[in-house]
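> Could you have a look at this structure, given as structure tokens, before my questions?
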Amino acid sequence: SAFALSFALLAACSAGEEATPTSEETVTEEVVVEETAELPAKLEGIAAGTYKLDPTHAFLFADVTHNGISTYTVKFTDYDVEIGFNPAEPGASTMTATINPLGLETNYPADYKAFLNADAFPEITFVTTSAETTGEYTGTITGDLSFRGTTAPVTLDVTMIGAINDSAWHGGADVLGFDATGTLSRGAFGSTAVGSVSDEVTLTFSGEFIQDMPEAEPAE
């Protein structure tokens with residue numbers, strides 16, 4: 001729902017002592033005028049509520065620098081994200097994410113289970129603590145990232161790419177699309193063996209979210 005503003009227009013009282021209006025006097029009735037602030041075009045008609053990730057249209061990557069001469073990319077393949085979104089108050093958005101540290105693809109064979117300490121910590125989680133809008137379709141989300149037994153704050157820059165109202169592909173549900181980027185320090189999460197791999201990790205996400213409705217199904 002959009003923001004609503006109400007204004008009351010009242011008649012001015014005549015100067016002097018108060019008196020009961022006569023038939024010759026004009027009484028101005030209270031008039032209420034409602035104005036509705038317009039939402040950005042992409043958000044028109046979009047419902048507030050819970051939106052769940054469509055895993056068939058989502059991508060999550062982690063980039064590091066290798067030996068200071070190239071960028072090495074890891075693709076995560078097993079994760080879930082849920083957001084709470086209100087088009088009238090996007091700064092109050094929430095997000096929770098869970099990631100399987102072993103659900104990943106790389107071109108280099110290694111013992112990632114040991115490297116990520118996945119036996120002791122089989123799940124990476126992210127839970128928002130605050131959000132802020134920076135433009136019509138941009139904002140930031142800050143949350144607690146729990147990884148390798150350590151929890152530390154991480155901030156993501158988020159851009160809404162688009163939205164579909166009453167999607168015929170998803171049983172009439174609304175659909176949102178976002179990109180997000182952020183960085184984190186491996187050292188902040190207990191990874192001391194920096195070696196040939198940079199301490200800084202760049203996270204990149206792009207995905208679609210479907211309004212949580214019983215009849216909403218992911219597109220094929």
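> When Lys and Arg each count +1 and Asp and Glu each count -1, what net charge do the other residues less than 14 Å away from residue 190, Cβ to Cβ, add up to?
Here the count lands on +1.
> Next up: Please report the net charge: other residues with Cβ closer than 14 Å to the Cβ of residue 94, K and R +1, D and E -1.
Neighbour charge sum, excluding residue 94 itself: -4.
> In the full protein assembly as shown, how much of residue 134 is accessible to a 1.4 Å probe, in Å² to the nearest 10?
90 Å²
> Heavy atoms only, probe 1.4 Å: what % of the accessible area of the stretch 151-205 goes to carbon and sulfur, would you let me know?
About 59 percent, which is the carbon plus sulfur part of the accessible surface.
> Decide, for the stretch 64-133, between rounded, prolate and oblate: order the square roots of the alpha carbon gyration tensor eigenvalues as a ≥ b ≥ c, take rounded if a/c falls under 1.5, and otherwise choose prolate if a/b is larger than b/c, else oblate.
prolate
> Could you pull the accessible area for residue 112 with a 1.4 Å probe, rounded to 10 Å²?
Only protein atoms counted, so the area is about 50 Å².
> If you don't mind, another one. Need one word for the stretch 75-220: rounded, prolate or oblate. Basis is the Cα gyration tensor (sqrt eigenvalues a ≥ b ≥ c); a/c below 1.5 gives rounded, then a/b vs b/c decides.
prolate
The values are calculated or read from the model by the stated rules, or taken from the named source; none is laboratory data. Here the structure is a predicted model, which means the values were calculated and not measured. Here Cβ is always computed from backbone atoms with ideal geometry, including for glycine, and neighbour counts include all displayed protein chains. These accessible areas exclude ligands, DNA and RNA; they are computed on the full protein's heavy atoms, side chains included. Shrake-Rupley method; radii C 1.70, N 1.55, O 1.52, S 1.80 Å.
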